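This report concerns only the one structure given below.
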Amino acid sequence: MRPESIAFRPDELLGSRDARIRVRWLGTAGFEITCDDHVLLIDPYLTRASLARTAFGRLTPDLDVLARHIGRADAIIVGHTHFDHALDVPVIAKKTGALVFGSRSAVKLCRAAGLPEERLRMVERAPSTEPIVAEVGPFRLRFVPSAHSRFALGRVPFPGEIDDCDAVPVRVDHFRCGAVFRVEIEAHGRTIVHVGSAELTEVAKAPREADLLLLCVAGWRSSRDLPERVARVLSPRAVLLSHWDDFFVPLDRPARALPAMAMEPLVERLARAARDARIGTLPLLGELGL
Ligand SMILES: [Zn+2]
């Protein structure tokens, strides 16, 4: 299945005509959510370093790309601290003055990059405790402990924490996974859920159905019954598939799928399990309203 064959229409509205929330896909698991002049970024990774640089070189944010595509931000949410979720976060936070919400590892990363302590919000808790809730403008954020897909020969790639470091991590294996969250975002009576790695913990059923689920595709087949569990726990009305794109290719080229994403069976199973849910993709930097 070609991802563009199930694309949402440009500027498609999910739900009412007076949509006050805009959701823009930044590639990988990255999103910009705008509501009432407040901007939330989730896992923004726009640098998209080449495969050669990712594997062998120094990973540094692409400042030109960030200047071109990132304007304001009130808060940045880091779902976990692999490079393709966290590399650009400290630079964007410095440039925008945004608060950063994330794990201990995310906080260490930002601290090492020189961000002031008062802008860092550590939202990691033990899985059995109540998720942390925070408010940013019209957004209510709930950080639910989750897990990472075990797609690397049955294991989580680069597990563990970003250790307290004086220097900012610059190699792919420095960006340890850290704690993983799914994030439930409410604004104006609408609920958006971000699942940034294709895995889910079921300890906490979402309090209400998700008007829009932002679901990571990469690695989904390593997580048993993921489509069915996603449908059971989150009851999505619409699913925007993300993190299927080849993120070693720059942002100004059309998104193309990584190998072995198996989107067709994923879409079929999601459609069966989450009855009547609208399932689709966006082009890079494309938007939806809800
Ligand atoms: Zn990851």
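Summary of computed values
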item	result
DSSP bridge pairs, the stretch 3-289: antiparallel proportion in percent, nearest 5	60
Average Cα contact separation per residue, the stretch 156-201, under 8 Å, 6 or more apart, as relative contact order %	29
Top positive-direction residue, dipole computed over the stretch 3-289 with Cβ charges, set Thr129, Phe56, Ala255	Thr129
Segment Arg232-Leu285, extension gain: residue separation times 0.36 nm, minus the distance between their alpha carbons	16.1 nm
Stretchable slack from Glu4 to Thr60, in nm (0.36 nm times residue separation minus alpha-carbon distance)	17.2 nm
Inter-part distance where the stretch 75-105 and the stretch 189-247 are each reduced to a Cα centre, Å	21
Cα→Cβ-extended label distance, 7 Å offset, between Asp246 and Arg119, nm	3.5
Value of relative contact order over the chain, rounded to a whole percent, pairs C-alpha under 8 Å and six or more apart	23
Sparsely packed GluC sites (Glu not before Pro) within the stretch 157-246, loop by DSSP, other Cβ within 10 Å at most 14	Glu161, Glu202, Glu209
Of the trypsin sites (Lys or Arg not before Pro) in the stretch 237-272, those whose Cβ has at most 16 other Cβ within 10 Å and which sit in DSSP loop	Arg256
Filtered trypsin sites (Lys or Arg not before Pro), the stretch 1-87: DSSP coil and at most 15 other beta carbons within 10 Å	Arg17, Arg20, Arg58, Arg72
Mean Cα-pair separation over length for the stretch 1-129, i.e. relative contact order, pairs under 8 Å, 6 or more apart, %	17
Sites Ala262 and Glu202 - FRET efficiency at Förster radius 35 Å, r taken between beta-carbons, to 0.05	0.95
Fluctuation leader among Ala273, Ala29, Ala98 - the chain, Gaussian network, Cα springs under 10 angstrom	Ala273
At R0 = 25 Å, FRET efficiency that the Cβ-Cβ distance of Leu153 and Leu51 yields, to 0.05	0.85
The chain, dipole about Cα centre (Lys/Arg Cβ +1, Asp/Glu Cβ -1), debye to the nearest 20	400
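Values quoted throughout were computed directly from the atomic coordinates according to the rules given, and no laboratory measurement underlies them. The structure presented is a predicted model; accordingly, all values stated were derived computationally and were not measured. Neighbour counts run over all protein chains shown; Cβ positions are idealised from the backbone, glycine included.
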